[in-house]
Every structure is written in C-alpha cells, then in structure tokens.
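Undergrad: The structure that follows is given in the form of structure tokens.
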Amino acid sequence: IDGMPHRDQAKHSAWWARYRERRKRARAEKRAEVVQALGHHTPASLAWPRQPIGIADAKWIAAVLDCEGSLTIGSYRGPRGYYNFRVTAQVNMVDREIIDQLEALSGGRICVARSYRPRSRDGWVWVLNPNGLRWLLPQIRNHLLLKQRRADLVLEFLTLCRRGGKRSFLDPRAQEIRTEMKHLNTRGRPAGPSCEPLVDLP
C-alpha cells in the first residue's frame with residue numbers, strides 16, 4: 001500500500017491503526033447510506049422481514065414446504081480443497097404464482113430450473129439460505145407435518161455453525177445431523193418388514 005512505512009516498527013503499527021480506522025469509518029458510512037435508502041436497521045436484515053408472519057401465512061408456507069419443498073444439508077468442496085456444508089430450503093414448481101408468494105412472505109431468491117427434456121417445461125425454484133431459515137423455521141415448525149424432524153435438525157445444525165456450513169465439517173454432531181438428514185431425504189420406501197402388506201391379498 002502506498003505510503004506505508006516499512007522500517008520503523010512504531011510508525012508501522014501507527015500507520016496500520018489509522019488505516020483500519022479509515023476502513024471502519026468508510027464501512028460505517030456505506031452502511032448508513034444503505035440503511036437510509038432502504039429503511040432497514042442493518043444490511044444483514046435487508047433480505048428478511050423483521051415483522052413475524054401471521055399464523056395463516058405460517059400454515060400456508062408449512063403446507064407448501066411439506067408437499068413441494070425440501071430441507072437439505074448438502075456439501076461442497078471449498079476453494080482450498082476442504083469440504084463445507086450448505087443448508088438450504090427449496091421449492092421447485094412449474095407455475096410461478098406460488099413461488100412469487102413465497103418470496104413475498106419470507107424473502108429468499110428465485111432461480112430458473114431449466115428442463116432438458118423435450119416434453120417438459122422450465123420451472124422456478126425458491127431458495128432460502130441459512131439466515132432466512134433461522135428466521136422462518138421457528139415460526140412454521142409447529143405447523144409442519146412431514147418435515148418437522150428435518151426442521152429440528154436444521155435448526156440444531158445452524159446453532160453448531162454460525163456462518164452457514166463453514167468450518168463445521170469436522171464437528172462430530174454436525175456429521176451425525178448430516179447423516180440423519182441424508183437418510184430422511186432418501187427417496188422411496190425403506191426396505192424391511194414395514195413394506196409388507198398388512199393383510200393378505202387374494
């Protein structure tokens with residue numbers, strides 16, 4: 001950086017202290033501009049409504065998430081070769097009306113789901129990241145029927161890792177939650193006596 005002293009240790013430390021203070025003031029001014037323009041308290045809260053949702057809306061979101069949505073704890077390889085976890089909630093549908101309503105009620109983002117089959121249409125995906133899940137899941141957890149256990153596991157996982165899924169790959173409890181979520185999200189009937197019919201068919 002231009003103008004930084006390199007030889008005198010005292011001047012070097014003082015210069016870095018002034019530099020950090022200037023950076024801190026610049027970030028505070030930028031944050032104040034964003035807050036004044038958008039009317040929110042902090043930039044971290046810009047994507048999520050601060051007011052809690054109503055009971056009717058919570059039941060509607062829980063029903064959509066139960067029927068058409070998914071709660072997943074995936075993994076991906078980081079830029080340095082280590083693995084991280086990714087926690088998301090998704091709803092994939094062809095019609096966009098429900099996707100737009102989900103975004104209006106709980107934030108998140110909408111992506112296009114391309115279909116490469118000749119007889120299928122492109123769909124829309126509503127995605128909610130970990131900060132949104134921390135805000136939404138406690139409000140709809142009691143209204144979930146099929147995915148209540150998944151919601152509990154996601155909330156517990158988010159308490160273990162405070163920054164999404166980073167630096168939690170070596171946590172034993174995080175690995176247990178990841179394994180249980182993978183088992184719950186397995187498609188199809190599990191093999192075993194539970195698949196046998198209750199009565200003998202003629």
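Undergrad: So which pairs qualify, if the first residue must be in the stretch 151-166 and more than 13 Å from Ala89 (Cβ to Cβ), the second must be at pLDDT 70 or above and among the small types (Gly, Ala, Ser), the Cβ gap must be under 9 Å, and the two must be at least 6 apart or on different chains?
TA: The qualifying pairs are Leu160/Ala174; Cys161/Ala174; Gly165/Gly74; Gly165/Ser75; Gly165/Ala174.
Undergrad: May I ask you to list pairs of residues, at least six apart or on different chains, whose Cβ atoms are under 6 Å apart, with the first in the stretch 56-74 being touching a residue at least 40 places away in the same chain (Cβ under 8 Å) and the second being among the hydrophobic types (A, V, I, L, M, F, W, C) and open to solvent by 20 Å² or more (accessible area, probe 1.4 Å)?
TA: From the stretch 56-74, the pairs are Asp57/Leu105; Asp66/Leu145; Asp66/Leu146.
Undergrad: Of the conditions (1) of a type in the set (A, V, I, L, M); (2) under 25 Å from Ser75 (Cα atoms); (3) at pLDDT below 90, Leu153 fails just one. Which one is it?
TA: (3)
Undergrad: Another question, if that's okay. When the residues of the stretch 156-170 are filtered to those that are at pLDDT below 85 and open to solvent by less than 50 Å² (accessible area, probe 1.4 Å), which remaining residue is farthest from the chain's Cα centre (by Cα)?
TA: Looking at the filtered set, the residue picked out is Ser168.
The rows are residues; the columns are (1) open to solvent by 20 Å² or more (accessible area, probe 1.4 Å); (2) more than 24 Å from Leu158 (Cα to Cα).
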site: Ile99; (1), (2): no, yes
site: Leu105; (1), (2): yes, no
site: Arg119; (1), (2): yes, yes
site: Val125; (1), (2): no, no
site: Leu128; (1), (2): no, no
site: Trp135; (1), (2): yes, no
site: Gln139; (1), (2): yes, no
site: Asn142; (1), (2): yes, no
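Undergrad: Residues Val127, Val112: which one is farther than 18 Å from Thr72 by Cβ, in a strand (DSSP E or B) and without any contact (Cβ under 8 Å) to a residue 60 or more places away in the chain?
TA: Answer to the check: Val112.
Undergrad: Do any residues in the stretch 173-200 that are at pLDDT below 50 have Cβ atoms under 9 Å from those of residues that are of a type outside the set (Lys, Arg) and open to solvent by less than 60 Å² (accessible area, probe 1.4 Å), where the two are at least six apart or on different chains, and which pairs are they?
TA: Every condition considered, no pair remains.
Undergrad: Tally up the residues in the stretch 32-67 that are assigned to a loop (DSSP other than H, G, I, E, B), at pLDDT 55 or above and surrounded by 10 or more Cβ atoms within 10 Å (Cβ to Cβ), please.
TA: Going through the stretch 32-67 one residue at a time, the tally reaches 3.
Undergrad: Within the stretch 144-155, how many residues are open to solvent by 50 Å² or more (accessible area, probe 1.4 Å) and assigned to a helix (DSSP H, G or I)?
TA: 2
Undergrad: Could we say that Asn131 is in contact with a helix residue (DSSP H, G or I) (Cβ under 8 Å, 6 or more places away or on another chain) and modelled with pLDDT under 90 here? Before you say what the answer is, go through the steps one by one.
TA: On the way: in contact with a helix residue (DSSP H, G or I) (Cβ under 8 Å, 6 or more places away or on another chain): yes; modelled with pLDDT under 90: yes.
Yes, satisfied.
The values are calculated or read from the model by the stated rules, or taken from the named source; none is laboratory data. If you're wondering where the values come from, they're calculated on a predicted model, not measured in any experiment. Don't worry about glycine lacking a Cβ; one is built from the backbone with ideal geometry, like all the others, and counts go over all protein chains shown. To get the accessible areas, we keep the full protein, side chains included, count just its heavy atoms, and leave off ligands, DNA and RNA. Shrake-Rupley method; radii C 1.70, N 1.55, O 1.52, S 1.80 Å.
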